[in-house]
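Right, one structure below, let's go through it.
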Amino acid sequence: SQTIHQWPATLVQPVGSPLSLECTVEGTSNPNLYWYRQAAGRGLQLLFYSVGIGQISSEVPQNLSASRPQDRQFILSSKKLLLSDSGFYLCAWGGTRRTNYGYTFGSGTRLTVV
Amino acid sequence: AQTVTQSQPEMSVQEAETVTLSCTYDTSESDYYLFWYKQPPSRQMILVIRQEAYKQQNATENRFSVNFQKAAKSFSLKISDSQLGDAAMYFCAYRSDSYTNAGKSTFGDGTTLTVKP
């Protein structure tokens, strides 16, 4: 079965510091991968998605960037964090036709920028 | 662009009773998928149920079922025999079947479900 590992679970970072969140997938190859952000008590906002190694698409202009250095690895980064970057970040795998493309999510990262 | 609307920010249900969560969406496409996800206090997102738009039959997963009305663009979730463990935030989501969409999903703002013992 497919599994998504996402870390760290919790992060407290000062304004202006760098960020690196990592997501890896097991049990599948060439997955479509997604980074979402969830504000407190709200829905999910798509930040980036990737359909293959080195292929990154951004949905919203922001202080963040993403990279896909390996087939099953998806990284969310920032050079200098802003207070507005605080939130709950979720990595997701887009599934297959067999699963009707329902997402499998990582366990999330709670980021607090202070 | 597609939009997903969940008009009920909060709902409550008595244990063992039935509750229905509403979702409407806006799209000009004919082929797509709809989902309900559950996010308990742990914040782990879990897929509850899925529906292909080309299927007229409503999906069912144990105590969870949907009422899919394609013409009305409505996709409600019914939870029967509610249990304390059903307490969570529920998200409705839309995914286009278009290849160019790259599998992106659009989520509603969620409905927080409280289950009273």
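The values are calculated or read from the model by the stated rules, or taken from the named source; none is laboratory data. None of these values were measured; they are calculated from a predicted model. Cβ atoms come from the backbone with ideal geometry, glycine included; neighbour counts cover every protein chain shown.
Summary of computed values
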item	result
Top-ranked residue of the stretch A:104-114 - restricted to ones that are surrounded by 15 or more Cβ atoms within 10 Å (Cβ to Cβ) and hydrophobic (A, V, I, L, M, F, W, C), ranked as farthest from the other protein chains (Cβ to nearest Cβ)	A:Val113
Odd one out for A:Gly102, checked against (1) assigned to a strand (DSSP E or B); (2) of a type in the set (Gly, Ala, Ser); (3) free of Cβ contacts under 8 Å to residues at least 24 places away in the same chain	(1)
Members of the stretch B:37-52 that are at the interface with chain A (Cβ under 10 Å from one of its Cβ atoms) and under 13 Å from the mean Cα position of the chain (by Cα)	B:Tyr37, B:Gln39, B:Met45, B:Ile46, B:Leu47, B:Val48, B:Ile49, B:Arg50, B:Gln51, B:Glu52
Answer from A:Leu46, A:Leu64, A:Leu76, A:Leu83 - the residue that is crowded, with 16+ Cβ neighbours inside 10 Å and more than 10 Å from the chain's Cα centre (by Cα)	A:Leu64
Residues that are of a type outside the set (A, V, I, L, M, F, W, C) and in contact (Cβ under 8 Å) with a residue 40 or more places away in the chain, drawn from the stretch B:37-78	B:Tyr37, B:Lys38, B:Gln39, B:Pro40, B:Pro41, B:Asn67, B:Lys73, B:Ser74, B:Ser76, B:Lys78
Residue list for the stretch B:23-36, filter: surrounded by 14 or more Cβ atoms within 10 Å (Cβ to Cβ) and without any contact (Cβ under 8 Å) to a residue 60 or more places away in the chain	B:Thr24, B:Trp36
Any hit, the stretch A:56-69, residues being touching an Asp or Glu at 6+ places or on another chain (Cβ under 8 Å), farther than 25 Å from B:Asp109 by Cβ, of a type outside the set (Val, Ile, Thr) and at pLDDT below 95	no
Of all residues in the stretch A:28-43 being facing chain B (nearest Cβ under 9 Å) and among the polar types (S, T, N, Q), the one that is surrounded by the most Cβ atoms within 10 Å (Cβ to Cβ)	A:Gln38
Criterion: at pLDDT 95 or above and within 12 Å of chain A (Cβ to nearest Cβ) - qualifying residue of B:Leu84, B:Leu34, B:Leu77	B:Leu34
Enumeration of residues in the stretch A:52-103 that are among the acidic types (Asp, Glu) and within 12 Å of another protein chain (Cβ to nearest Cβ)	A:Glu59
Check on B:Tyr94, crowded, with 21+ Cβ neighbours inside 10 Å, at the interface with another protein chain (Cβ under 10 Å from one of its Cβ atoms) and in contact (Cβ under 8 Å) with a residue 12 or more places away in the chain	no
So B:Pro9, is it of a type outside the set (Gly, Ala, Ser), surrounded by fewer than 12 Cβ atoms within 10 Å (Cβ to Cβ) and at pLDDT 95 or above	yes
